[in-house]
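Data block below; observations after.
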Ligand code: SF4
Ligand code: SF4
């Protein structure tokens with residue numbers, strides 16, 4: 001017989017750090033999304049509005065769903081937090097993006113758990129696997145499954161493991177025994193709200209994505225609004241500040257799983273060194289990793305802005321000041337989007 005306990009045992013064998021079960025229900029927290037969209041906080045992430053109805057309840061995604069098996073995977077590695085780095089020449093890249101693409105890794109592992117559930121169950125069983133990409137508000141279900149709570153920084157926090165967690169889930173047509181929901185343990189703390197470099201939290205637990213560096217460096221397809229470029233600092237891809245300052249991450253355990261360890265060029269990378277790499281080298285570095293999302297062109301766009309902000313001599317020198325120079329191994333630099341940001345960065349560097 002397929003039980004919640006048996007699923008959790010198998011999940012541990014498949015390298016998941018957390019596993020819990022939530023009922024497939026339309027929880028009150030799921031309804032907040034619509035008001036958040038109406039306030040314009042999603043920016044150009046139109047897919048969220050398009051899928052809002054389905055995101056309001058997993059049963060709109062899979063009508064037979066009775067349970068949601070939620071899985072957590074720790075990806076923290078033994079490198080310093082960006083807030084501990086006092087070097088303007090270092091490129092800041094979100095911790096989750098240093099290794100292999102979690103969609104692929106966890107898609108395979110979550111799929112293996114689903115296959116095991118299907119084999120183990122005698123009767124018909126309908127399932128659906130999601131790793132971040134589906135129309136499922138997975139943090140809400142993760143809290144309902146007892147994995148932790150959604151903090152004021154909008155991340156899922158586990159009291160023992162912290163928030164460096166990838167989430168994945170299996171919608172399942174069996175009414176499995178649910179876990180008790182996780183309890184909010186933020187208390188009176190406001191460290192994440194106070195530390196955000198762009199003031200992206202209009203209120204606790206509410207993120208205005210259009211002001212968040214993760215949105216600006218990853219979701220923005222075209223030009224980064226000029227008035228927001230200085231705020232990027234030396235962040236090249238994403239931002240971890242509101243997680244780094246969270247006390248629950250002070251002693252977050254380290255994962256030794258090879259798939260999350262930083263790739264060579266992403267291990268404490270220097271802005272200037274990354275800029276001087278050819279397009280082919282950058283492409284190879286981000287291949288099969290989360291950063292493929294922005295591709296080389298937008299990575300260069302972000303790098304140019306970060307170099308303009310950096311003030312590090314070696315980074316500014318790498319960007320150079322010859323507007324007509326076109327590198328044959330780095331054609332992306334001549335793309336209009338990149339070239340405009342390079343001009344902005346050179347101008348900013350010159351004014352220092
Ligand atoms: S990721 Fe960075 S910019 Fe975005 S809300 Fe957190 S601290 Fe602010
Ligand atoms: S920093 Fe404090 S308020 Fe923010 S998520 Fe962590 S515990 Fe909650």
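The values are calculated or read from the model by the stated rules, or taken from the named source; none is laboratory data. Keep in mind that this is a model prediction, so the values were computed, not measured. Here the Cβ positions follow ideal geometry from the backbone for every residue, glycine too, while neighbour counts run over all protein chains shown.
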Any hit, region 111-124, residues being in contact (Cβ under 8 Å) with a residue 12 or more places away in the chain, in contact with a strand residue (DSSP E or B) (Cβ under 6 Å, 6 or more places away or on another chain), closer than 30 Å to residue 288 by Cα and away from ligand 2 (no atom under 16 Å from the Cβ): yes
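Can you find a residue in region 184-192 that is at pLDDT 95 or above, in contact with a strand residue (DSSP E or B) (Cβ under 9 Å, 6 or more places away or on another chain), farther than 21 Å from residue 32 by Cα and within 16 Å of ligand 2 (Cβ to nearest atom)?
Of region 184-192, the ones at pLDDT 95 or above are 184-192.
From what's left, in contact with a strand residue (DSSP E or B) (Cβ under 9 Å, 6 or more places away or on another chain): 184-186.
Still in the list and also farther than 21 Å from residue 32 by Cα: none.
Within region 184-192, not a single residue is at pLDDT 95 or above, in contact with a strand residue (DSSP E or B) (Cβ under 9 Å, 6 or more places away or on another chain), farther than 21 Å from residue 32 by Cα and within 16 Å of ligand 2 (Cβ to nearest atom).
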Looking only at region 315-349, and only at residues there that are exposed (fewer than 14 other Cβ atoms within 10 Å of the Cβ), in contact with a helix residue (DSSP H, G or I) (Cβ under 9 Å, 6 or more places away or on another chain) and farther than 23 Å from residue 213 by Cα, the one that is modelled with the lowest pLDDT: 323
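Does region 88-95 contain at least one residue that is modelled with pLDDT under 95 and assigned to a loop (DSSP other than H, G, I, E, B)? Let's see the steps before the verdict.
Initial filter on region 88-95 (modelled with pLDDT under 95): none.
Checked against the condition, which is being modelled with pLDDT under 95 and assigned to a loop (DSSP other than H, G, I, E, B), region 88-95 yields no hits at all.
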Test: residue 171 is assigned to a loop (DSSP other than H, G, I, E, B), more than 16 Å from ligand 2 (Cβ to nearest atom) and at pLDDT 95 or above: no
Hey, residue 161 crowded, with 18+ Cβ neighbours inside 10 Å, at pLDDT 95 or above, under 15 Å from residue 245 (Cα atoms) and away from ligand 1 (no atom under 15 Å from the Cβ) or not: yes
Matching option when the condition is within 16 Å of ligand 2 (Cβ to nearest atom), surrounded by fewer than 21 Cβ atoms within 10 Å (Cβ to Cβ) and modelled with pLDDT of 95 or more, among 259, 245: 245
Test: residue in region 220-241 that is surrounded by 15 or more Cβ atoms within 10 Å (Cβ to Cβ), within 16 Å of ligand 2 (Cβ to nearest atom), at pLDDT 95 or above and over 19 Å from residue 41 (Cβ atoms): yes
Long-range neighbours under 6 Å by Cβ, at least six apart or interchain, first residue over 19 Å from residue 185 (Cβ atoms) within region 199-211, second within 8 Å of ligand 1 (Cβ to nearest atom) and part of a helix (DSSP H, G or I): 200/211; 209/215
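Go through the residues of region 77-87 one by one and say whether even a single one is surrounded by 22 or more Cβ atoms within 10 Å (Cβ to Cβ), modelled with pLDDT of 95 or more and either assigned to a helix (DSSP H, G or I) or not assigned by TED's automatic domain parsing to the domain that holds residue 11 (or both). Working first, answer last.
Initially, region 77-87 is screened for residues surrounded by 22 or more Cβ atoms within 10 Å (Cβ to Cβ), giving none.
No, because not a single residue in region 77-87 is surrounded by 22 or more Cβ atoms within 10 Å (Cβ to Cβ), modelled with pLDDT of 95 or more and either assigned to a helix (DSSP H, G or I) or not assigned by TED's automatic domain parsing to the domain that holds residue 11 (or both).
Name the residue that is nearest to ligand 1 (Cβ to nearest atom), counting only residues in region 228-251 that are assigned to a loop (DSSP other than H, G, I, E, B) and touching a helix residue (DSSP H, G or I) at 6+ places or on another chain (Cβ under 9 Å).
In the first step, residues of region 228-251 are kept if they are assigned to a loop (DSSP other than H, G, I, E, B); the result is 233-234, 238-240, 245-246, 250-251.
If we keep only those that are touching a helix residue (DSSP H, G or I) at 6+ places or on another chain (Cβ under 9 Å) as well, we get 233-234, 238-240, 245-246.
Values: 233: 10, 234: 13, 238: 7, 239: 3, 240: 7, 245: 8, 246: 10 Å.
Per the stated criteria, the residue is 239.
Look through region 57-74, keep the residues that are assigned to a loop (DSSP other than H, G, I, E, B) and touching a strand residue (DSSP E or B) at 6+ places or on another chain (Cβ under 6 Å), and return whichever of them is surrounded by the fewest Cβ atoms within 10 Å (Cβ to Cβ). Full working, then the answer.
Here is the first cut: in region 57-74, the residues assigned to a loop (DSSP other than H, G, I, E, B) are 57, 61-66.
Checking which are touching a strand residue (DSSP E or B) at 6+ places or on another chain (Cβ under 6 Å) leaves us with 62, 65.
Working: 62: 19, 65: 23.
Taking the candidates together, the pick is 62.
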Some residue of region 190-211 being within 22 Å of residue 308 (Cα to Cα), more than 9 Å from ligand 1 (Cβ to nearest atom) and not in a loop (DSSP other than H, G, I, E, B): yes
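Looking at 18, 37, 48, 2, which one is surrounded by 14 or more Cβ atoms within 10 Å (Cβ to Cβ) and under 18 Å from residue 120 (Cα atoms)? Steps first, please.
Numbers: 18 fails: under 18 Å from residue 120 (Cα atoms); 37 fails: under 18 Å from residue 120 (Cα atoms); 48 fails: under 18 Å from residue 120 (Cα atoms).
Only one candidate qualifies: 2.
On the basis of being more than 27 Å from residue 352 (Cα to Cα), assigned by TED's automatic domain parsing to the domain that holds residue 60 and near ligand 2 (Cβ under 10 Å from one of its atoms), does residue 151 make the cut? Explain how you work it out, then say what you get.
Working: more than 27 Å from residue 352 (Cα to Cα): yes; assigned by TED's automatic domain parsing to the domain that holds residue 60: yes; near ligand 2 (Cβ under 10 Å from one of its atoms): yes.
Answer is yes for this residue.
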